[in-house]
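Shown next, in structure tokens, is the structure this report addresses.
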Amino acid sequence: MTFTRSRTTIPFDYNISGLTIARVDNLIDLGFNLARNLIPSPHIAMITSRAFKVLGFIMRLSKDFKLSKSLKSLYCALVRPILEYGSVVLDPYTVFDINQLERVQHRFLRFCCFVLGIPHLAHDYTNIPNVLDLPTLAERRRTLNIKFIRGLITNHIDSPCLLSQVNFKVPLHVSRSHVTFHIPNANTNYLQNEPLRRIMSLANEYPSFYDNLFLCS
């Protein structure tokens, strides 16, 4: 398997004991579905399908449940971790992939409306997350990204290699700007959403990140 963003690659056959190794475009390793062009879409499709299967099993077994806490506990324990596995590395940045993940939680919300009899407008489930205290998956991914870089800086995550790639912004003079990280320019969407660059950008958008950075250390 050759990892590259180039549309054209130089083919080369690898051999073991005279046998040519078959070339593949996707590879599953440590629970990640890795594509040759490193886009997150195959991984998103895989975990979404897996989450729908688990959610369907839960819905069949809990159709007579009447306690919102029980339904929420099952969803948060068995379904949501599937959708959030490796989200710091493969966080979707296209609208299609983001909506693919949210579809799973939306189906759970519709199920809760039916089972628990939660009042709502026809085909409008916007009030259900507030009733169940369930933030969107996108909001949770942002929070997980912020926790990751905070843990990396405060040495709760031991990774000197990653820490060496964090670009702190050191201003030449005193200013009102409390932006913590310097974000290099990116000429492609893929490079702009590279994990560490994306996480630093998210941290810069949080006003309290700079002030609370070392309070948890």
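The values are calculated or read from the model by the stated rules, or taken from the named source; none is laboratory data. Everything quoted here is computed from the prediction, not taken from an experiment. So basically every Cβ, Gly included, is an ideal-geometry build from the backbone, and we count neighbours across all protein chains shown. SASA here: full protein model, heavy atoms, side chains in, ligands and nucleic acids out. Shrake-Rupley method; radii C 1.70, N 1.55, O 1.52, S 1.80 Å.
Figures for the structure shown
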{"item": "Asp64, Asp29, reordered so the largest accessible area comes first (probe 1.4 Å)", "result": "Asp64, Asp29"}
{"item": "Surface per residue (accessible, 1.4 Å probe) for the chain, Å²", "result": "65 Å²"}
{"item": "Portion, in percent, of the accessible area of the chain that falls on carbon or sulfur, probe 1.4 Å", "result": "59 percent"}
{"item": "Net charge of Cβ neighbours under 15 Å - reference Asn145; Lys, Arg +1; Asp, Glu -1", "result": "+2"}
{"item": "Long-range amide H partners of Phe181 with built H, under 5 Å", "result": "Lys169"}
{"item": "Order of exposure, largest accessible area first, which applies to Arg140, Arg7 with probe 1.4 Å", "result": "Arg7, Arg140"}
{"item": "Accessible-area ranking of Lys72, Lys147, largest first, probe 1.4 Å", "result": "Lys147, Lys72"}
{"item": "Positive-end extreme of charge dipole, the range 1-111 - chosen from Leu30, Ser70, His106 (charges on Cβ)", "result": "Ser70"}
{"item": "Mean projection area, nm², convex hull over Cα of the chain", "result": "18.0 nm²"}
